[in-house]
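First up is the structure itself, then whatever we jot down about it.
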Amino acid sequence: MRIYLDHNATTPLRPEVIEAMCAALRDVPGNPSSVHAEGAAARAAVETARERVAAAIGAAPETIVFTSGATESNNAAIHSALAAARPKERRTIVTTATEHPSVSEPLASLETRGWRVVRLGVDRDGLIDPDAFAAALGSDTALAAILWANNETGVVQPVRRLVELAHEHGVPVHVDATQCIGKLPVDAATLGADTLAASSHKQNGPKGVGLLYLRPGATFEPLLRGGGQERRRRGGTESVAGIVGLGVACELVRREGPARAARMAALRDRLWNGIREKIQGARRNGSATAVLANTLSVGLPGAPGDVLLAALDLDGVAVSAGAACHSGSVAPSRTLLAMGLTADEARCSLRMSVGHGVDEAQIDRVLAILPDLVARVRESAA
Ligand SMILES: Cc1ncc(COP(=O)(O)O)c(C=O)c1O
């Protein structure tokens, strides 16, 4: 029986999600844009999902646009904000040095086309300084783009304060909340961000579906045009079964409330306490308080993360040596380097993220095998 501790990369589908998706695939063949009964049934399925998603993030249904995932949502939000900016007056984008590539890469591409990108550093805890953020905002700032919770370290930025500061400077804010739903309270309306991106597969929904929240009343310039779907905000026939799955996943988040995160935190703390006790030199990367309930990034000096990952995999345990959504490379994590870790410290790090299906016995099994593996890897790496 394998032990899956890589829930920040993706999560297994909950049985309720699979059932609802199978029913939609089987029983809802229509195109939501068609006006006949089959079309109306597909439209109804999409709109029920929209209500569920909206309820899970404290938003009104009409503020939700379905997308193909958070990568598209992030790209669409950046595209729209810059299309609305007056290019001659507002050429600067303020962001952080620890964004997910679905934000950092579009911004790097814009930089080559004349936009100025200010990337704020983070401290040893992985947090950006709100005063430095405020100081970076000016009358030339077109957009602030902030990662709410980091996928590698789980570090949670003081996003509400950052949104307030940006708005005090008249700057629109995009928040990447992909890692947040189900792990911390997300209330889009009170957060006040202009746009907010999230994905389905980080909270037990299917892959290839996401959402973009748009602040009520905000203008929006679509990235994908054609077909007029999603109230002309995202062209393309909707992935009906995927959207239904996302809806059920969000309904489960809403129903389970804070108990879900509390359970994750208990498992994560059990793991960290065991590691700290049993593995000499182990240290935690990033804030231990401003952190997602399910995430543990640990430094294990002398034990390269990629070697440990392979050894754990052979023993039936799935973890990540860095950012698994884009892993496969042995380059040290950008996020850990930005926090001031050396390349060696960053390389000798592991990310373990818990979620649905993980229990105490699995954590204890990992704690039974990890110390020995670390000792062996340290010996062979020495
Ligand atoms: C913080 C963050 N943003 C964006 C993404 C991209 O999401 P998706 O896989 O839905 O495109 C991910 C994960 O892959 C992520 O962790």
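The values are calculated or read from the model by the stated rules, or taken from the named source; none is laboratory data. Here the structure is a predicted model, which means the values were calculated and not measured. No Cβ is skipped: glycine too gets one built from the backbone with ideal geometry, and neighbour counts run over all protein chains shown. SASA here: full protein model, heavy atoms, side chains in, ligands and nucleic acids out. Shrake-Rupley method; radii C 1.70, N 1.55, O 1.52, S 1.80 Å.
What trypsin sites (Lys or Arg not before Pro) does segment 1-79 have in DSSP loop regions with at most 16 other beta carbons within 10 Å?
Working: sites: ARG2, ARG26, ARG43, ARG50, ARG52; in loops: ARG2.
Passing sites in segment 1-79 are ARG2.
What's the angle, to the nearest 10 degrees (0 to 90), between helix 258-278's Cα axis and the longest principal axis of the chain?
Between helix and principal axis, roughly 20 degrees.
Modelled label-to-label distance, ASP306 and GLU105, 7 Å Cα→beta-carbon offset: nm?
1.9 nm
Please work out the Cα center distance from segment 27-60 to segment 201-217, rounded to the nearest Å.
14 Å
Using the Cα centre as the reference, give the magnitude of the dipole from point charges on the C-beta atoms of segment 15-256 (Lys, Arg: +1; Asp, Glu: -1; all else neutral), rounded to the nearest 20 debye. Write out the running numbers ahead of the final one.
Details: 25 positive and 28 negative charges, 106 e Å.
It comes to approximately 500 debye.
Would you please name the trypsin sites (Lys or Arg not before Pro) within segment 160-242 that are DSSP coil residues with at most 16 other C-beta atoms within 10 Å of their C-beta?
Details: sites: ARG160, ARG161, LYS183, LYS202, LYS207, ARG225, ARG231, ARG232, ARG233, ARG234; in loops: LYS183, LYS202, LYS207, ARG225, ARG233, ARG234.
Taking segment 160-242 and a limit of 16 other Cβ atoms within 10 Å, the loop trypsin sites (Lys or Arg not before Pro) found are LYS207, ARG225.
Please give the net charge around ALA49, taking every other residue with its beta carbon less than 12 angstrom from that of ALA49, where Lys and Arg add +1 and Asp and Glu add -1. Could you put the intermediate results ahead of the total?
Values: positive: ARG43, ARG50, ARG52; negative: GLU47, GLU51, GLU238, GLU251.
Local charge sum for ALA49: -1.
What order, most packed first, do the peptides 278-289, 296-307 have when packing is the mean number of other Cβ atoms within 10 Å of each residue?
Averaged packing, sorted descending, gives the order 296-307, 278-289.
Out of every Cα pair in segment 217-262, what percent are spaced more than 14 Å from each other? List each step's numbers first, then the result.
Values: 670 of 1035 pairs.
Of all Cα-Cα pairs in segment 217-262, 65 percent lie more than 14 Å apart.
Peptides 362-375, 187-200: what's the order by average Cβ count within 10 Å, highest mean first?
Put in order of decreasing packing, that is 187-200, 362-375.
Whose amide H sits under 5 Å from the amide H of ILE3, counting only residues 5 or more places off or on another chain, with H placed in the peptide plane?
VAL317, ALA318
At 1.4 Å probe size, with the rest of the protein present, what percent of the exposed accessible area of the chain is carbon and sulfur atoms? Display every interim value, and only then the final one.
Working: 8480 of 15670 Å².
After summing per-atom areas, the C and S share lands at 54 percent.
Quote the convex hull volume per residue of the chain, based on C-alpha atoms, as a whole number of Å³.
Numbers: hull volume 50.2 nm³, N = 382.
Output value, Cα hull per residue: 131 Å³.
Which whole-number percentage describes the relative contact order of segment 15-256, with Cα contacts under 8 Å and a sequence gap of 6 or more?
Values: 485 pairs, mean separation 69.3, N = 242.
Value for segment 15-256: 29 percent.
Per-residue ellipticity at 222 nm for the chain, helices alone: DSSP H runs ≥ 4 residues times -39500 (n - 2.57), over residue total, nearest 500 deg cm²/dmol? Walk me through the numbers on the way to the answer.
Numbers: 14 runs with 165 residues, N = 382.
Dividing the helical sum by the residues of the chain leaves -13500 deg cm²/dmol.
Using the Cα atoms as the points, what is the convex hull volume per residue of segment 274-382 in Å³?
Details: hull volume 12.1 nm³, N = 109.
Dividing the Cα hull volume of segment 274-382 by its residues yields 111 Å³.
Restricting to DSSP loop positions (anything but H, G, I, E, B) with no more than 12 other Cβ atoms inside 10 Å of their own Cβ, which GluC sites (Glu not before Pro) remain in segment 57-96? Intermediate results must be reported in sequence, preceding the final value.
On the way: sites: GLU62, GLU72, GLU89; in loops: GLU89.
Those that pass, being in a loop and sparsely packed, are GLU89.
In a shell of Cβ-Cβ distance under 14 Å around ASP140, excluding ASP140 itself, what net charge do Lys and Arg (+1) and Asp and Glu (-1) give?
On the way: positive: ARG86, LYS88, ARG90, ARG91, ARG116; negative: GLU89.
Charge balance in the 14 Å sphere: +4.
Answer with one residue from LEU127, VAL354, ASN273: the one whose Cα lies farthest towards the positive end of the charge dipole of the chain, charges on Cβ with Lys, Arg +1 and Asp, Glu -1.
Selected residue: LEU127.
Less than 11 Å Cβ to Cβ from ARG365, Lys/Arg counted +1 and Asp/Glu -1: what total charge do the surrounding residues give? Don't skip to the end; give the middle numbers.
On the way: positive: ARG2; negative: ASP315, ASP359, GLU360, ASP364.
Its environment carries a net charge of -3.
Would you be so kind as to identify which of ALA76, HIS7, VAL53 lies farthest towards the positive end of the dipole of segment 1-110, taking Lys and Arg as +1 and Asp and Glu as -1 on Cβ and the Cα centre as origin?
After comparing all options, I get ALA76.
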